Amino acid sequence: MESPSGKLVHITTFGCQMNEYDSARMLGILSELGYAPAESPETADLVLLNTCSVREKAQHKVYSFVGALREVKRQRPGMIIGVGGCVAQQEGRQLLKDIPYLDLVFGTGALERLPELIAEAASGRRVACTDLDPGPLAPRRVALANPGLKAMVTVMQGCDNFCAYCVVPHVRGREKSRAAAQVVEEVAALAKAGVREVTLLGQNVNSYRDPEGGADFADLLEMVAGVPELWRVRFTTSHPKDLSPRLIEALAGIDKVMDQLHLPAQSGSDRILKAMRRGYTRARYLALVKDLRRRAPDLALGGDIIVGFPGETEADFQASLELIEAAGYDFLFSFKYSDRPFTKAIDLPGKIAEAEKSRRLARLQDRQREISLALHRAQVGKLEEVLVEGPAKRGTGLMTGRTRANRAVNFPGPPELAGRLVMVRVEQGLVNSLRGKLVDPA
Ligand code: SAH
Ligand code: SF4
Ligand code: F3S
């Protein structure tokens, strides 16, 4: 294929870390074609939008973003605009009908086909590709020039769980794990290039299974932790119904595996959990939390809660408030339920009014702020291992980094510390971060 050297590409990413990872892969594929990154969509020859469909609001962003490019496209008709990711997978060709100046629609399985799709779009045809790639997951073509300190590595894609509210299985397809050897190879390459922390990604990493050797996720953690230049390993997301004792042991026992777990509960009410088809009860979830706390006392636990699922009563909502309290979350992602295409919950009775959902969300978030603050204040006096990222955004002379539990810590220190592991004594706990003081290693 002819290299369009000198051409510029701009990629905007919405949604989860899967999409961020995919965007990095897209950039890798496009740089092999000779594309360089553009400063803004307005100056690019190729503008790609990697979209999210998990909630209605996320999907709406697509139309406003592409709408803003209408005028630019009118002035520069040669510019190619493409929409990829989960909304592309969901809507397919319909997007071309809805947006007359859109050139290209590519679904979540079409990344490897981007070169041919772009060539087709460049020849003036409007193209849509939503085939879910049936082959094994391709290795990322990592741009290793400047990978930074931290990187994400997808270990599995798709989801088989079909929670009643969720579009992900419909737009990402069935679960598919990458070969462990390939994951380790990628991590090793990243570590050689200077990456010190990797986050292993999957919609449900607990159901990881090496298609070649049969290793499970606990085995994979062990293998990745064996990469010499790598210091830290994190992973997300874990489904409570599949959190195995082996994984809890790996979390507690492997030193390079950090003290952090994202374990979404979604609700604290058994009735709602059942309607959500989550496969566990509130008691089972809290028993898991208890096990985790016993084996890994320094663990920072995170969760997701949906408020206003169809049929959720005030009592059900109270149960969620109680659950976040009992779980003692360090961080919580909370969402107002929204209807998604293809999902079971669309047809459920008892839809909750938007205003009520907003009230519940605000109450939940207020409560979580108090919980986070109390937890962070309880860190005062502790000595923490911190991976220093660089100067803090606010506060002169302050550096910022992350503890093993992934809490952000700001502390006075010289810029030369960036990229190093230091010890910091916690002096103050805030809602979203800690303040501390460097401790002399001597
Ligand atoms: N695989 C991950 C979650 C992926 S989606 C897991 O199971 O934990 C991220 C979060 O979005 C979910 O955890 C859920 O809390 C939220 N979410 C998904 N569908 C939603 C919907 N229809 N309305 C509101 N929130 C939703
Ligand atoms: Fe969605 Fe449930 Fe799969 Fe998570 S486990 S991606 S919430 S269907
Ligand atoms: Fe959104 Fe797709 Fe991720 S729907 S949350 S970008 S898998």
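The single condition among (1) outside the structural domain of V47 (by TED's automatic domain parsing); (2) within 16 Å of ligand 2 (Cβ to nearest atom); (3) part of a loop (DSSP other than H, G, I, E, B); (4) under 30 Å from V198 (Cα atoms) that P169 does not satisfy is (3). Number of residues in the range 420-431 that are under 17 Å from P391 (Cα atoms) and out of contact with any Gly (no Cβ under 8 Å at 6 or more places or on another chain): the value is 3.
Can you find a residue in the range 179-187 that is within 16 Å of ligand 3 (Cβ to nearest atom), in a loop (DSSP other than H, G, I, E, B) and either outside the structural domain of E389 (by TED's automatic domain parsing) or of a type in the set (F, W, Y) (or both)? No, the conditions are met nowhere in the range 179-187.
Could you grab me the full set of residues in the range 13-40 that are over 26 Å from V205 (Cα atoms) and open to solvent by 20 Å² or more (accessible area, probe 1.4 Å)? Of everything in the range 13-40, those that are over 26 Å from V205 (Cα atoms) and open to solvent by 20 Å² or more (accessible area, probe 1.4 Å) turn out to be S31, E32, L33, G34, Y35, A36, P37, E39, S40.
This table checks each residue for (1) surrounded by 14 or more Cβ atoms within 10 Å (Cβ to Cβ); (2) in contact with a strand residue (DSSP E or B) (Cβ under 7 Å, 6 or more places away or on another chain); (3) in the same structural domain as V167 (by TED's automatic domain parsing); (4) at positive phi.
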position: R369; (1), (2), (3), (4): no, no, yes, no
position: P391; (1), (2), (3), (4): yes, yes, no, no
position: N406; (1), (2), (3), (4): yes, yes, no, yes
position: P414; (1), (2), (3), (4): no, no, no, no
position: G419; (1), (2), (3), (4): yes, yes, no, yes
position: R435; (1), (2), (3), (4): yes, yes, no, no
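For the range 35-68, a residue qualifies if it is of a type in the set (A, V, I, L, M), away from ligand 2 (no atom under 16 Å from the Cβ) and touching a strand residue (DSSP E or B) at 6+ places or on another chain (Cβ under 8 Å), and the qualifying residues are A36, A38, A44, L46, V47, L48, L49, V62, V66. Scanning the range 183-216 for residues that are hydroxyl-bearing (S, T, Y) and touching a Lys or Arg at 6+ places or on another chain (Cβ under 8 Å) turns up just one, T199.
Count of the range 188-208 residues, restricted to those that are more than 16 Å from ligand 2 (Cβ to nearest atom), open to solvent by 30 Å² or more (accessible area, probe 1.4 Å) and not in a helix (DSSP H, G or I), is 2.
The values are calculated or read from the model by the stated rules, or taken from the named source; none is laboratory data. Remember, predicted model here, so these are calculated numbers, not experimental data. Quick reminder, even Gly has a Cβ in these numbers, built from the backbone with ideal geometry, and neighbours come from all protein chains shown. To get the accessible areas, we keep the full protein, side chains included, count just its heavy atoms, and leave off ligands, DNA and RNA. Shrake-Rupley method; radii C 1.70, N 1.55, O 1.52, S 1.80 Å.
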